[in-house]
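A.B. asks: Quick one: the structure is below, questions incoming.
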Amino acid sequence: MPGETDRDERDHGGGGVKTLAILSRKGGTGKTTVSLHLAVAAWRAGLGVLLADCDRQGSAGEWRRERRTTGPVVISAKSAALFATQQAADRAGRDLMIIDTSPTASEELADAVRCADFCLIVLRPSFLDVRAVAETAELVARFGKSGAFVINQAPPRRSNKEMACVGDTVRQLSAMGIPVMPIGLRSRIAYQQSIGEGQTVLESSPSSAAAKEIGGLWNAVQARLWPAPVLELSDEAAEA
Ligand SMILES: Nc1ncnc2c1ncn2[C@@H]1O[C@H](COP(=O)(O)OP(=O)(O)OP(=O)(O)O)[C@@H](O)[C@H]1O
Ligand SMILES: [Mg+2]
C-alpha cells in the first residue's frame, strides 16, 4: 500500500514527472505485463503513478476494471496527445508516467520515445524477438534517449544452468548499442494469474520469486529514472 513501504531515499519530489516508455514492435512480448507490474511497484513505493495506455486493445484498462482495490491511475491515451498528457501529469504533481505502447505503428512508438526519460524494450529470448527489436533500439538511439532491453519470459534454469537462448539473446543484443537490464523476468504462471485478477505478483504472491524479480527490475529502472546525484568534491577533498 502507498505509504506503507518506505519511500526511496532519493528525492522524487519537485523534479517533475518522469516518463518511462515500454516498447517493442513485436506483439505479445510482455509490454503490458511489465508496465502494470512496474506501475504497481512504483505506486506501492508511494509514488504518484499514471499509466498511459496507448494500445487500442486497452489491455491495461481491462486490468484496471478487474482490480477491486486502489492502485495506479490508468488512462487510455492517444500517442499524438502524449505530450499534453505528460504536461497534465506534471501539473497534477505525479511522479511517474508509464507509457504502455502497441506493437504496431512506428509513428506511435516515436511519439512515446519522444516523451520518454527512459525506454524499456521488452523481448523474449528468441531469434525472432531479437530481430524484431533492432528497429525499436534504432528509434531510441535516433532520439538520443536512454534505454535498455529487458528479457521477459525467460525459461527456467536447467540443472542450475541458464538455457542457451538466454546467453545467445544477450550476445546478440550487445551488438545493438543499448544495455540489457541486469534483471529479467522468467516465464511464470503467477504473472498471468495475478493480471487476470486485477493484481500483480507483488500483491498475489509477495514472497515469490516473481515478486523478487519485479522488485529487482523496479530498483534498476528507478536508478535509471532518478540517477543518484554526482558528488561534488571540494578542492581539499579532491587533493586528499
Ligand atoms: N513473464 C511471463 N511469464 C508468463 N507469462 C507471461 C509473462 N509475461 C507475459 N506473459 C503472458 O504473455 C502474454 C502476452 O503478454 P502481454 O499482453 O503483457 O504482452 P504485450 O507485449 O503487451 O502484448 P501486445 O503486443 O499484444 O500488447 C499474456 O498472456 C501474458 O499473460
Ligand atoms: Mg500490450
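A.B. asks: Out of everything in the stretch 113-141 that is within 13 Å of ligand 1 (Cβ to nearest atom) and under 25 Å from residue 15 (Cα atoms), what residue ends up being farthest from the chain's Cα centre (by Cα)?
C.D. replies: Among those that are within 13 Å of ligand 1 (Cβ to nearest atom) and under 25 Å from residue 15 (Cα atoms), it is 121.
A.B. asks: Tell me, which residue of the stretch 188-240 that is hydroxyl-bearing (Ser, Thr, Tyr) and more than 16 Å from ligand 2 (Cβ to nearest atom) is modelled with the lowest pLDDT? Even if it seems obvious, please write down each step before you answer.
C.D. replies: Within the stretch 188-240, the subset hydroxyl-bearing (Ser, Thr, Tyr) is 191, 194, 200, 204-205, 207-208, 234.
If we keep only those that are more than 16 Å from ligand 2 (Cβ to nearest atom) as well, we get 204-205, 207-208, 234.
Numbers: 204: 97, 205: 97, 207: 97, 208: 98, 234: 67.
It comes out as 234.
A.B. asks: Filter the stretch 182-219 for residues that are out of contact with any helix residue (DSSP H, G or I) (no Cβ under 8 Å at 6 or more places or on another chain) and away from ligand 1 (no atom under 16 Å from the Cβ); which is nearest to residue 15 (Cα to Cα)?
C.D. replies: Ranking the qualifying residues of the stretch 182-219, first place goes to 219.
A.B. asks: Given the residues 70, 33, which is the only one that is touching a Phe, Trp or Tyr at 6+ places or on another chain (Cβ under 8 Å) and either under 20 Å from residue 118 (Cβ atoms) or at pLDDT 95 or above (or both)? Explain how you work it out, then say what you get.
C.D. replies: Working: 70 fails: touching a Phe, Trp or Tyr at 6+ places or on another chain (Cβ under 8 Å).
After applying the criteria, what remains is 33.
A.B. asks: Another question, if that's okay. Every residue in the stretch 173-187 that is surrounded by fewer than 16 Cβ atoms within 10 Å (Cβ to Cβ) and either out of contact with any strand residue (DSSP E or B) (no Cβ under 6 Å at 6 or more places or on another chain) or more than 23 Å from residue 33 (Cβ to Cβ) (or both), please.
C.D. replies: Narrowing the stretch 173-187 to residues surrounded by fewer than 16 Cβ atoms within 10 Å (Cβ to Cβ): 174-175, 177, 179, 182, 187.
Result: 174, 175, 177, 182, 187.
A.B. asks: Which condition from (1) under 17 Å from the mean Cα position of the chain (by Cα); (2) surrounded by fewer than 22 Cβ atoms within 10 Å (Cβ to Cβ); (3) within 23 Å of residue 139 (Cα to Cα) is the one that residue 100 breaks?
C.D. replies: Condition (2) is where residue 100 drops out.
A.B. asks: Moving on. Condition first: more than 18 Å from residue 176 (Cα to Cα) and touching a helix residue (DSSP H, G or I) at 6+ places or on another chain (Cβ under 8 Å). Can you find one or more residues in the stretch 129-148 that meet it?
C.D. replies: Initially, the stretch 129-148 is screened for residues more than 18 Å from residue 176 (Cα to Cα), giving none.
Looking through the stretch 129-148, none of the residues is more than 18 Å from residue 176 (Cα to Cα) and touching a helix residue (DSSP H, G or I) at 6+ places or on another chain (Cβ under 8 Å).
A.B. asks: Taking the stretch 39-63, which residues are of a type outside the set (Gly, Ala, Ser) and either within 12 Å of ligand 1 (Cβ to nearest atom) or under 16 Å from residue 197 (Cα atoms) (or both)? Write out each step before concluding.
C.D. replies: We begin by selecting, within the stretch 39-63, every residue of a type outside the set (Gly, Ala, Ser); these are 40, 43-44, 47, 49-51, 53-57, 62-63.
Scanning the stretch 39-63 gives 40, 53, 54, 55, 56, 57, 62, 63.
A.B. asks: For the condition away from ligand 2 (no atom under 16 Å from the Cβ), within 23 Å of residue 227 (Cβ to Cβ) and not aliphatic (A, V, I, L, M), what is the one hit in 127, 118?
C.D. replies: Working: 127 fails: within 23 Å of residue 227 (Cβ to Cβ).
Result of the check over 127, 118: 118.
A.B. asks: Which one is farthest from residue 109 (Cα to Cα), of the residues in the stretch 64-78 that are within 14 Å of ligand 1 (Cβ to nearest atom) and more than 17 Å from the chain's Cα centre (by Cα)?
C.D. replies: Kept after step one, since they are within 14 Å of ligand 1 (Cβ to nearest atom), are these residues of the stretch 64-78: 66, 74, 76.
So of that shortlist, the ones also more than 17 Å from the chain's Cα centre (by Cα) come out as 66, 76.
Working: 66: 27, 76: 15 Å.
Out of the qualifying residues, it is 66.
A.B. asks: Identify, from the list 213, 197, 162, the residue that is in contact (Cβ under 8 Å) with a residue 60 or more places away in the chain and among the charged types (D, E, K, R).
C.D. replies: Numbers: 213 fails: in contact (Cβ under 8 Å) with a residue 60 or more places away in the chain; 162 fails: in contact (Cβ under 8 Å) with a residue 60 or more places away in the chain.
None of the others qualify; the one that does is 197.
The values are calculated or read from the model by the stated rules, or taken from the named source; none is laboratory data. Note that the structure is a prediction, hence the values are computed from the model and not measured. Neighbour counts are summed over all protein chains in view; Cβ atoms, including those assigned to glycine, are modelled from backbone coordinates with ideal geometry.
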